[in-house]
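Q: I'd like to ask you about the structure that follows.
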Amino acid sequence: MRRATALLFALIAAVAMQSFHASPAVAQDPAGGDRLAPDKIAPLMRRKLDRAKNILEGLTLEQFDKIASNARSLRLLSMEAGWNVVQTEEYRKQSDDFRRACTSIEKAADAKDIHRAALAYVSLTVRCVDCHSYMRENKIKLATLDLRNH
Ligand code: HEC
């Protein structure tokens, strides 16, 4: 478990760095569609961090209800209108993977399996980092095409 814990902290640090570097600017969706104003998107995105921190708290204190409810809340958050800031196949795939990781956490918490829940949390964290990397690359592309909001 010690190695898993070290891995967990490394990943959390990676996420912290990611969000530190994340710009609040949101790329314009070339396909159009329903979207929130960028000032509404940042708070929505930021809520992910609160939920993820709550899951970690639940994991460390073995509070399965806290783990399950926050994983559920994260999954539901990913279905809100402001989530789909870009409508690409890759973003959809990243979002699906993210929801799957949330579901794994929920299931592990329901089964009161703390180790499985911790591993699923690591996989969720990887999803955070992966999608943010994708966004950064994508933003460069969109910026080049001058499709950014501002
Ligand atoms: C499917 C894609 C995707 C996944 C998965 C994802 N994010 Fe994000 N995240 C975004 C986008 C898009 C933004 C807004 C654009 C930006 O800031 O680069 C964002 C922005 C953020 C921000 C910055 C909000 C602000 O104040 O500007 C935080 C914090 C954040 N995400 C946390 C997380 C955490 C924690 C996870 C995992 C539990 C996660 N994200 C998973 C797409 C994702």
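Q: Sort the stretch 93-132 into rounded, prolate or oblate with this rule: let a ≥ b ≥ c be the square roots of the eigenvalues of the Cα gyration tensor; rounded if a/c is under 1.5, and if a/c is not under 1.5, prolate when a/b is larger than b/c, oblate otherwise.
A: Details: a/c = 4.47, a/b = 1.92, b/c = 2.33.
Oblate, since a/c reaches 1.5 and b/c is not below a/b.
Q: Can you compute the FRET efficiency between Thr103 and Ala37 using 1/(1 + (r/R0)^6), with r the Cβ-Cβ distance and R0 = 25 Å? Round to the nearest 0.05. Can you show the working numbers first?
A: Working: r = 30 Å, r/R0 = 1.20.
After rounding, the FRET efficiency stands at 0.25.
Q: Any idea what diffusion coefficient the stretch 61-115 gets from Stokes-Einstein, in µm²/s, Kirkwood Rh on alpha carbon pairs, 10 °C, 1.306 mPa s?
A: Details: Rh = 11.9 Å.
The calculation lands on 134 µm²/s.
Q: Sticking with this one: Ignoring ligands, DNA and RNA, what percent of the 1.4 Å accessible area of the stretch 47-133 is carbon and sulfur? Intermediate results must be reported in sequence, preceding the final value.
A: On the way: 2140 of 4210 Å².
For the stretch 47-133, the apolar C and S fraction of the accessible surface comes to 51 percent.
Q: Further, regarding this structure: Lysines near Lys112 by alpha-carbon distance under 27 Å, same-chain residues fewer than 8 away left out - which ones?
A: Lys48, Lys53, Lys66
Q: Full extension from Ser123 to Gln87: what is 0.36 nm times the residue separation minus their Cα-Cα distance, to one decimal in nm? Could the numbers behind the result be given before it?
A: Values: separation 36, 0.36 × 36 = 12.96 nm, distance 2.33 nm.
Separation in residues times 0.36 nm, less the Cα-Cα distance, equals 10.6 nm.
Q: Continuing with this model, one more query. Between Ser133 and Leu44, with labels modelled 7 Å along Cα→Cβ, what's the label distance in nm to one decimal, could you check?
A: 2.5
The values are calculated or read from the model by the stated rules, or taken from the named source; none is laboratory data. Just so it is clear, the structure is predicted and the values come from calculations on it, not from any experiment. Here Cβ is always computed from backbone atoms with ideal geometry, including for glycine, and neighbour counts include all displayed protein chains. Calculation scope for accessible area: heavy atoms of the full protein, side chains included, ligands and nucleic acids excluded. Shrake-Rupley method; radii C 1.70, N 1.55, O 1.52, S 1.80 Å.
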